[in-house]
Amino acid sequence: ARHFIYQTVSVVTGERYCCSFYVSAGTRSKVRIDGDDVGFGANNCADFDLLAGTVVAYGNCTAVITKAYANFYRCSCVFTAIVTGTSTVTIEPHNGVSNTYAGNGTSSLYIWGAQLEVDERPTSYIPSVDTFTSRASTGTYIGSDGLVKTAASNEARYQYNPTNLSLAPKLLLEDQR
C-alpha cells in the first residue's frame, strides 16, 4: 500500500543530512520526504504540494520548495541525526490524505536528481555518471596512499592522481581486450 524510493545511509549523532530532488506533478501532485524514526526521531517529514508550490514540515526538520524550471520544483528537507547508526530517507507520492493507498498502475510523479548529503542545505546537483562493467581478472590502480594496489575480479578500481592525492579519485575503466 506504499509507493516510494529510499536511500539507506549511515548517520552520526548531531550531523545534518539534506535530501533534495527535482519533481514535477503527473497524475499525483503531492510528495513527501520522510526521515525514519530510528535515525531522525518520530514524525520528521515534509509534505510538498506541487500545484500550490507549498510545503509543510513536521517534527524537527526544515523543508524548502523552490521553482526550478518549467513544471519542476526542487524540494529539499534537512534532518538532524539523533543516533549514530543506519537510517533511511524516503521519497513517496501522497494522495492528499495519506502516504498509504492502493495504486492503480498508471498514476505518476516525475522525480529527477535525488541526492542525500551531509549538509545544512542542498548543493548543486552532483551527477552520478560513473559505471562499472566487471572483468574476469585482477587489475591494478593507484590507491589513496599513492601506492599501486590490486583489485580482485569484479571489483571497481578508483584511481587516484599520483601527483596530487588530494584530488577526488576516478573510476578506472579500460577497453575490453
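The values are calculated or read from the model by the stated rules, or taken from the named source; none is laboratory data. Worth saying up front: this structure is predicted, and the values here are computed from it rather than measured. Quick reminder, even Gly has a Cβ in these numbers, built from the backbone with ideal geometry, and neighbours come from all protein chains shown. Heavy atoms of the whole protein, side chains included, go into the accessibility calculation; ligands, DNA and RNA do not. Shrake-Rupley method; radii C 1.70, N 1.55, O 1.52, S 1.80 Å.
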Checklist line | Area accessible to solvent at Thr138, 1.4 Å probe radius, in Å² | finding: 90
Check: Rounded to the nearest 10 Å², what accessible area does His3 show when all protein chains are kept and the probe is 1.4 Å?
Finding: 60
Check: For the chain, modelled as a Gaussian network with Cα springs under 10 Å, which listed residue fluctuates most, Gly139, Gly113, Gly85?
Finding: Gly139
Note to self: Counting only other residues whose beta carbon sits under 10 Å from that of Arg32, what net charge do I get with K and R as +1, D and E as -1?
What the structure shows: -2
Margin query: Compute a Gaussian network model of the chain, connecting alpha carbons closer than 10 Å, and tell me which residue from Ala114, Ala136, Ala25 fluctuates the most.
Written below: Ala136
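What percent do you get for the relative contact order of the range 1-79 when only Cα pairs under 8 Å and 6+ apart count? Mind dumping the intermediate values first?
Details: 138 pairs, mean separation 23.9, N = 79.
Relative contact order, the range 1-79: 30 percent.
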Next item on the list: Find the accessible area per residue for the range 3-44; the probe is 1.4 Å, ligands and nucleic acids are left out, and the unit is Å².
Entry: 46
Notebook entry, point to check: Taking all pairs of different Cα atoms in the chain, averaging 1/r and flipping that mean, what Kirkwood radius in angstroms comes out?
Noted result: 18.5
Notebook entry, point to check: Roughly how many Å² of Leu173 are accessible to a 1.4 Å probe, to the nearest 10?
Noted result: 100
Item checked: the chain - charge dipole about Cα centre, Lys and Arg +1 at Cβ, Asp and Glu -1, debye rounded to 20 -> 340
Notebook entry, point to check: Give me the Kirkwood hydrodynamic radius of the range 1-87 in Å, from all C-alpha pairs, to one decimal place?
Noted result: 13.4
Checklist line | Heavy-atom accessible surface of the range 29-159: percent carbon and sulfur, 1.4 Å | finding: 53
Next item on the list: Can you grab the distance from the C-alpha centre of the range 1-47 to the C-alpha centre of the range 78-108, Å, no decimals?
Entry: 6
